[in-house]
Each structure stands twice: as C-alpha cells, then as structure tokens.
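The structure appears right after this line, and notes come after that.
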C-alpha cells in the first residue's frame, strides 16, 4: 500500500517534523505541502534540514491543494482545523496536530480557548487504555498535545491501578520548539540560552483540561491537576515530573508492578530499569518515551517522570503512529525508538 | 575596616565564585587561596576568568596557610569543614559553604550523609524569620545549600502566614555548576546540552532535610517535602517550582499580601510585579532572588516560584552577605542585585 | 565628581548592558532612560535583570528627555545618532555605541551603509596606538563595533611591529546578543541552539571597513581583510581567530615580544601565558580581553586569537572605559576584568 | 543480502552512532558489541538512547567476540586498530573509524602521532575524485577524520579546478562530541556552555596532515594548511570556514561552476542555492553535508563553508556509506540526508 499524504502548515516546526518522518516512511508518498504566509516559498529556505524536499514549493492551504490524498495532516494554528477538515471527504484520513478536536467537554474548550467547540475526534494516544481500539479504522484523529502526551504516559498507570490520590502535581520542562516559530521576544536565542522560565502558572495552560480528561478517564474519577510548564534552554524535549499522593497501603512493589503491567509490550514507551531515570537527550528525534517511577516514603508520594521529544512522540511521531494504526499498517512503520544522542 | 579573607577550596566552582565576589568587595583583601589536589598550580589555569588573581598560586589547605585572616571561607567537600574549622581560633569568622553545620538534627545528618554530625552553626539565610539576628556578631556561619536557599525563599512566606498545608511539592531545575567540577560522565557537555535529567528522585537528595528544617520552622509545625531536582542545560541558575495545598479559605489577595509583607525591604529578594515570573537569566551572576506566587483555584494550590544563581545567592553571594552581617558591615557591600543578561 | 548620565535606546541589549555597568559605577548617577517603540514601559518588564531600575519608565528619546546630563550614551539603530547628537550641546559628552561616526572614509561608509556619512568622532579603543590620547578631554566618542574591537586587539600588535603581511584572514564566532533584540526567525532559540551558522560571508559585513581602517593604521600600509562572522549558540562572547602570513624572517620569539610590548600595562587586555588560549567564558560579563598568539611554522602564518564579551568590552564596557578617559576619571572605574564563569 | 556487523568500541560516541545507524540499516544485523573498560555492562546504561539494544551486554574486544561477522567496525582509540584488524581474516570487511590507516606518508604519521605507521587503507570519502572507485570491493576502509571530511568537501572543488592558490586557511567549530567521552575538565558542561574555545592552534592538530593529503591530491601540487579548530557549545556538528586566495583571473561564475560540477549527483553533499549558507542544525543527525562558496572580490579570496554532523557524515555515517560501496549495496542504504531540526 502506498499512502499519499499532504501536510498543511508545512513551514512550522510541527509541519517540518511531519515531513521529516514521512520522508522516512516506506509506505508514504509526500504529496502537497501547504502554507499560509509562506505560500510560494521553497522548502530549501524554510526547512533547510529537509534536503530531499528542498525544491518543493509551498502551495496555499486550500481545498484544491489538499484534494486527492489518502491522508491529510493538519499542523495549523488552533481553531483553523475544523474549516479545513470539513472540506475533505469522509474517506480521507485527517490527522489534526492542533487542539481543536482533543477535548470532549465543550465547556472546557470554551473556557480555555475562547471559541466555540468544534467537536471531538478519536484521540491519538494508543498507549492509553482502549486507545488503540479507538483509532483502528478511524478517519479522523486528534493528535494529543505534547505536554498531555508526556504527562498521561507518566501517570495513567498509577491512576489505572488505583494507587494514587486524584490530585496530581506536575512540573514540566519543554524545549523551545514547543512554542513554535512565532517571533516573540522571550523566544529569542539570547533570552532562552542559559535560562529556565515558567509560564502559564496557576492553572492557565491550555493543556491542563486535556491532562485532566486523560487522567480522570484512567482513574475512573475526577482528577485535579496542578500544572506548571517551564521553558528550558534546549530546542526539543519534554521532561515531565509528575506526582500524586499514594493511596494508603501502597508500596513500592505495587507501584512498580502497575507500571510494568500498564506499559508491557509497548513499542515506543519504555519503563526504564530501576534506578535509571529518563533524559530528554535519550529520546531526541525519536518516537520513544522513557518512563520511571518511584515511591517517596517520607512524603508519601508517587513520583513518575517521563521524557519525550515534543515534536516527535509529542506531535508528529504520535501523529504517524496513529495514522499507521488507523490505516492498518504496522504501528512502528517509519518510526524509530532510537534517540539521536549525544 | 579592611577584612583579610582566605578561601579554602579555591579551585572549585564555589571557591571561584567566592574569589570573584571578594575581588569586588571594597572592604576585603584576599589573602590565602588554598587547594588540595591542585595545590601548587596558578589560578590562571584553574580559574581563567579571575584575571586579577592570575598569578596567585594555590597553597595546600593547612592551618599555616589559613592563619592570620579575619575571615576564612571554606568551600570544601562535605565532611571536611569541621577538621579545618577547629584549627581556626574562635576570633576568626569561619564561613562554611559546605553542608556540615547546616542541620540541627543529628539523626537527619547521619541518615543523609552517613557520618557523625559535626554540629550546628548559625544559618546564613538572613531573609528567614529571625535570620538576620542569628548572624550578627557570629563567628561561625553555615551557608545554606543552593536548593534550600531557592526553596525556602519561595515558600517561607506562605508557611509563616499559615496559608499552606504542611506538604510541599518541589521540582527544581539547576544549572550544572551546582554539581561541581567533578569529572563524571553525565556532566560532560555532550551529555548535558540539549538534555533535562532528574536525579535523587524520591526523597534521596541531601538538601531535603534542610528544606524540611526551614519550612517547618516557618510553619511552626512539621512540613513534609517531596523534592525532585533536575539538571538543566545551562551553567548556572536554579528555578524552583514549589507548591502546597492552600489552607481552606485562603484567597489570592491573602497570598499576595503574605508575600509582600514577608519580603518587604529585602535588598536582594524581590517579589515580582503580578503577572511577571522569575527567570534564571535575570539573576545570572547576581545575589538577587526573584519570587512570584499564584493561587491555582481549580487545583487549590499555592504555586511559588523562585529563581536564583546557585553559585551567587545560592552559595558564595549568600556567604558574603552573611559575612557582611556578622562583621557589622552594610549587608549589600560588594554584592549586586543586577543580573548579567542576556 | 558625580556624573549624570542618560541612556538613549535603553530597551535593547546594548542599552541594558550600559545600564548594568553604570549601576556599578561609583561616580555615575543614572538620569534619563529613553526608548522609541517601548517608551512608556517600565524597565521591570523590558530588562528584568536590572532589579535596581525596575520601576524606571522609558521616556521617549527626545531633546527634552536627554537635556541636563553630563554624558549621553546612544544605543540607537545605525543612522539615528547624528540627529540626536546635534541637539545636544558641545559641553555634553556624547558616547555613540552605533556605527555612525566610526569610519573616517565617507566612501566606505556609503558603500557599506548606503546613506550619507555623518562624520568621524574620536575612536573609543584606547589600546590602539595613540588611542588613549585621542580620547582625553573629548566630548564625542565613537564606540567601536564588537567584531572590530576583538579583531583589532588581536592583530594590531603584529601589524604595528611589521611582522605580518597586509592580508588578514579572520573568522569570528559571536554570541547571539550581537545581533540585537530584533525579531528575526534565525535568531529564535530553537534555531540557534545546537547550531553554528555563518553570515555576511565574502566581504559584506559592515564591520569590515572598520577593521581595515584599524589594521591599516597600525601597519602603516593598506591591509586587506577577509572577514567571516559566524553565529554561535551562546548569548554573549566573541572569539576571533585572526591570521596573516608572517613576514620573511619572523620567528616565534619576535611575535611574542611584539605582543608583550604592545599589550604591556593594559588594564583590560591580557596576553595569556604561553600555551593557554582565550575562551569567551573567561571574559563573560567583563571588560576583559584575552589574547594569545602563535606562529605556525609549516603554514608560515601568525595566528592571533582574542576573546571578548561583545556587550561589555565590545560595546558598553568599551563605552564606559572611554568615558572614564574622556572625563579624566580612573580608566578602570566601574569596570571589571573578572569574568562571570563558569 | 543480510550483513552481520560487529562494533568494537561500542561505549563511546562513535560506537554509539554506528549502532544508531546500523539499527536503521535494512540489510544489517547487529552482532557483537564490544568494549574495554565497560565490558560486562549493559547498553541501557551506557547508551540510553539506543532503546532497541538496551539489553545487549558489552563483550570484551577480542578475536573471539569479533569472529563470525561480515563487517567489523572499529571505534577504538588511535593506535589500537592495527592489532585488532590483523586478527580478522582478509574476507572480513574492516572499517576503521580511527586514524591509524588514513595517512599515506609514514613520516607525517610519526610526526603527529608519535608511533610507527601501521599502513594505509582505502580512504572512505567517496566524494573525492576517484574516491568511490577506491572503495568498491575493498575489504579495508580508513574512515576520514571529522574535520578532514568537512574541510575536504568544502575545498576540493576549488583545488581540483585549479582556482585556488595552494595555501588554505581553515577555522572550524566543532560540537563537543568530537572530543569523545573522555573525562577532561574542559569538556564539562559547565565549562562548555556559553563558551567558544580554540585548541591545537598553530598547526598542531592531528587532522592537519590528512587535510594536506586530500587537498594536495585534488590540486596536484602541495597545499599548505593553516588549521584552527574551536570547540563550540553544542553536542554535534562541524562548521568549517575555509579560504584560499583565488588564482588570478578567477571570477565568481567560474567558482560556482566548479562547485556545481564537482558536487553534481552526490547523494549526500549539497551545494546550497546561492545566498543560502550552511548551518550545523540543518545536518544534525544526518549524513548530509551542506556546502556554499563565495568569492570575496576585495580580499581576493575564495571562501568555502561546509556543515556536517561530526558523528554522522564525519564518522559513523561516512563509515556506513563506505561500507555500502564496498559491499556493492546502494550507497544511500540506511542513511538519511534529512537533518533533525530544529
């Protein structure tokens, strides 16, 4: 099977990562690459690392440009996916890397995004309970946010096993590509290098309701989330430090066993050997997630830490993995669990 | 008054930072600079940034070398300070940048450091309640650890005002100089750049009992601490993200007021204007601490974040500030609240 | 003597560094701080590292705002200094950090900057032959460019001693603050970290004629310059690798002797001990320049390398040093030769 | 054809990169992985990014461990390859990533390495004139040094076309992985981040004779090389800025034409569109080389700049590319020209 794929929003970081992965996918042929303000420019200038596509010219994002593909990846600013998607036929697999179709609760959407809710699509995190089944044969996929990917993978085993109290505290560090290519002063290299800085503190980050949705589903009860994202001086990677009070009677063996069971057989998510902790370097450029967990007996908390590449497993890799499942291809096709390190 | 100061352990990062600050202190004359394995070498090679001291040669750390000074700073590996200090007369001000004399509880010391407890000296964090008074006229000072400095400054106002439940959750990112100059593979530049990595997870970091000591003192009751340190790809700086459940009835105004009151008049610790968050870049190379606090209404938690330079306010700057207080000099002498940015 | 100083262009990196240094200058009182698009904003948001000036509000850059100062520093985009300067009286010391008054040759100016030449002011690099004398008592100072500062300090001793052929080849790496705070895609942290990239290759960089001017003056004959600047993944610092063919008969001893003689007694420029090479880390945040030189016998070339902080010795520090000389203050006042490292 | 490959020296950076690439090579099965001081350890700890090999245990580097493979890659310290290679049969393809067999001139070897010359093997830079033919069917391959790869690709077109004078001046910046995993103080992250530093200045770097060998062969006459390597604050990548005086009468069109001709059809080496310059970020983790060239009319020099990943095209990727040629496999198999960016 050869799959013809288009990428809408090909000039940004998510679009570039999609193209990088699709170039290495043995069953994908890259069709249209589209953009908005950069339409008409060559990829050589916009994405100089994509050497094999250097001579491709960005088409405007339009129904005409996106027609005739088996799969269309959307890497658009939030709020723009619905309009594009509804012009694509129901037989086309649409994989949305934006937030538009991730949340089930319309009120959450409106509270955090300030616009009408577009709907809910099958959620592209196959490692969650029931996650794979929801994607098989689907023609619409909502790719999770990068932080929710990291956080959900770190904490769902504890919640699914009933080991943690429903109040999660999360502090995550992200590389700057998570903020996109927007020209904002605090994203300048001079500001970023040598600096750690928090943002969206106090519950305001838009990925918060998505984490709540995933963790509550795993727990079978509402989970509150205190989420603090920080910007780290690196281009890629998320390290999510997640914790919750352990339910009474929980011991370290039970925690370990729950994680081993929940993550067994996953091709991309790996529970590290005891004593070894995740690093973002180890998953750089790969679709892998590293997980480790510990029980702090003095504080009575389960500490689960995950490392992913925000652009790969956190965005484009997760998108391709979900596409593979939806199309009935081998789940690992075109993806690698090997990081680029050092 | 001219103060003659010696630095024992002058080849490491803490020793280098002490010398950098003392070079700019108008009342200090730098006397002996000593080392252990590097004795006999010139500072030009060991600390090439200390141009005015380039021709100084490291003496061996010995009673003879350290004799005849008004102040002796110790920047030695943990466990070595007591032996050196007891050879210095009671009239000499000894400022220990190591951990040996920080903890009041001998059992804590032994549990975390595995050696007999050497004792407890006045604690060099003047911003804590009663902190300044304890230092005035003292001849022995235990400089706080870098993480406890950042964490205590961020959370003591909430605990002192009785606004927070006694279970703190802390995730801190530190620049690599916090790990010292030890030649360990994970500290190589190739490993560090582009990577965030946790360590000492689950309650094992030696700074944990020191944080518990400080926060419990502020709260007037035992506080548990879940502390996760992470190594960030930057040479200096600590960003500490600290949170605790808000006591029932606590509102944002009460939190703000508590922090304004607790930090009012501090020369180096600054509560930022509402909406602005600390960054490690802003305090780079300075003795400043930036603090901000928020109440997350959905999660019911107080989130307090601090940024310091681990080598300056977190070590050598705190040491000089405490020296100034102990000697009756103006507290800000030779120190700056201005960061080196960008 | 207390000097009242204004800074025009206080929201950029050069302006911020000027303020950082002036805050530590014992004879300077900071008067007006002005900006253009940021007028009306508080420095707390624009320059969060300048804690002591947090509550200052940027005035618009206007004759009224700049009136009544002993010294006015201009940190404006190229081409704007002349208009501001001519509104300041001849008794005011005007120190221009821009390029407008650096070049003596109007044709050079017009070829590289594309606008009419504004004139030539005394050149603020006191270490050059005759440099100090030209600044004493001057009321107008053109601060050198950052690259010309690094390159001229590295090569003038060889040319002044007649040891080098008049064809210099220079490759320099600069931290990103040298490019200013402009919001350009290639300056985003995501693009900069992990990347070295050249620009202005082939003779087009505007600092080239300034280097030619300085080296030709030292040599007493026209010197050609092949200059390639590169952007390095660090916020500050310039490492300039400069070379030229050695004149026949030149040996290593003669080269060393020429550098020792040319740099003897300089407070900020230091010829390193043989075998030690400059690093930008060692001069971070300081007004120091480190220099080393070698003779490559096989290639027949003199290799001179310098390291400076582009914002300090390369801009604001050089400006303050020149101000000190012009005003008859001690040249080192308010400046440090100690770097902030690691 | 399935090729069974062993990697000797699998715990270092070159060994890790070889394994990363071989994991993605469709015709390679990874056999023995061996080490010296790390023998007995699992790759999970030594190379945490190589998730699919996590449970592999390093065998000691011995004839027994290396027996029974079609290809043996040597990633050993200089001077150790000959002893290992001579125990491998002539039917085994031995690919040496060390320096031992790169130089043709025994006197050069002895002058720069201080030990007896082991011999000369076919040189694994297929893009050089005659390079591919020398590798076809070969059972012994000397992989070029990382710097010589970058420099030779940048300058051989100018020399092969007779456009440049035989005196090359090269300044190159390398990521820290080029220095390997050795535990040296100047390679610590705290020292490296924020710093550019030169080393081996004045003709002493061991890669110099290899550059001279390649450029002289291209020129058909002896070429001198002034080579200055610098360490840049990034984990990977080399940016080589190379120049030479243009021969009289050379114009920009002739230079461009020479490069277009010399690099036409190369799968991994790409002459960028005019006006676009190489960046190390664009080739991160890939086997690609980006090249650009300009003629500086004022200085009369040809400036050629290349960017490669030192571990990929500069070591392990070049090794695999040469293996493919030697074995008659498609040259691009298992290799990518797509960088991992941002």
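Per-structure values
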quantity	calculated
Residue satisfying all of: in region C:204-230; closer than 25 Å to residue C:288 by Cβ and in contact with a helix residue (DSSP H, G or I) (Cβ under 6 Å, 6 or more places away or on another chain); farthest from the other protein chains (Cβ to nearest Cβ) among these	C:218
Sole residue being without any contact (Cβ under 8 Å) to a residue 12 or more places away in the chain and over 17 Å from residue D:147 (Cβ atoms), chosen from D:130, D:119	D:130
Listing of helices (runs of 4 or more DSSP H) fully contained in region A:1-87 that carry 3 or more residues being in contact (Cβ under 8 Å) with a residue 12 or more places away in the chain and within 20 Å of the chain's Cα centre (by Cα)	A:13-23, A:81-85
Residue D:79 out of contact with any strand residue (DSSP E or B) (no Cβ under 6 Å at 6 or more places or on another chain) and at pLDDT below 95	yes
Residue under evaluation residue C:294, criteria (1) closer than 17 Å to residue D:197 by Cα; (2) part of a loop (DSSP other than H, G, I, E, B), criterion not met	(2)
Subset of region D:231-255 that is in a helix (DSSP H, G or I) and within 12 Å of chain C (Cβ to nearest Cβ) - its residue that is farthest from residue D:173 (Cα to Cα)	D:252
Check on residue D:290, farther than 24 Å from residue C:168 by Cβ and either without any contact (Cβ under 8 Å) to a residue 60 or more places away in the chain or over 18 Å from the mean Cα position of the chain (by Cα) (or both)	yes
Total residues in region D:316-340, condition more than 27 Å from residue A:18 (Cα to Cα) and either modelled with pLDDT under 95 or within 18 Å of the chain's Cα centre (by Cα) (or both)	6
From the options A:304, A:326, residue that is buried (at least 21 other Cβ atoms within 10 Å of the Cβ) and closer than 26 Å to residue A:11 by Cα	A:326
For residue A:182: the one exception among (1) within 26 Å of residue C:177 (Cβ to Cβ); (2) touching a residue at least 24 places away in the same chain (Cβ under 8 Å)	(2)
Region A:183-203 - residue that is surrounded by 22 or more Cβ atoms within 10 Å (Cβ to Cβ) and in a helix (DSSP H, G or I) and, of those, farthest from the other protein chains (Cβ to nearest Cβ)	A:191
So residue B:102, is it surrounded by fewer than 24 Cβ atoms within 10 Å (Cβ to Cβ) and within 21 Å of the chain's Cα centre (by Cα)	no
Some residue of region C:141-151 being within 14 Å of chain D (Cβ to nearest Cβ) and in a strand (DSSP E or B)	no
Any hit, region D:292-310, residues being more than 8 Å from every other protein chain (Cβ to nearest Cβ) and on the phi > 0 side of the Ramachandran plot	no
Lone qualifier among C:244, C:264, C:298 - being within 30 Å of residue C:96 (Cα to Cα) and either buried (at least 18 other Cβ atoms within 10 Å of the Cβ) or without any contact (Cβ under 8 Å) to a residue 12 or more places away in the chain (or both)	C:264
Any hit, region D:260-268, residues being under 24 Å from residue C:195 (Cα atoms), in a strand (DSSP E or B) and either modelled with pLDDT of 95 or more or more than 7 Å from every other protein chain (Cβ to nearest Cβ) (or both)	no
Any chance residue A:151 is touching a helix residue (DSSP H, G or I) at 6+ places or on another chain (Cβ under 9 Å) and surrounded by 17 or more Cβ atoms within 10 Å (Cβ to Cβ)	yes
Set D:28, D:92, D:84: member being under 19 Å from residue D:325 (Cβ atoms) and more than 14 Å from chain A (Cβ to nearest Cβ)	D:92
Output for region B:160-181, where each listed residue is away from chain A (no Cβ under 12 Å), in contact with a strand residue (DSSP E or B) (Cβ under 7 Å, 6 or more places away or on another chain) and closer than 15 Å to residue B:244 by Cβ	B:163, B:164
Condition check for residue C:35: closer than 27 Å to residue B:277 by Cα and more than 14 Å from chain B (Cβ to nearest Cβ)	yes
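The values are calculated or read from the model by the stated rules, or taken from the named source; none is laboratory data. A quick note: this is a predicted structure, and the numbers were derived from the prediction, not measured. Cβ sites come from the backbone with ideal geometry, for glycine too, and all protein chains shown count toward neighbours.
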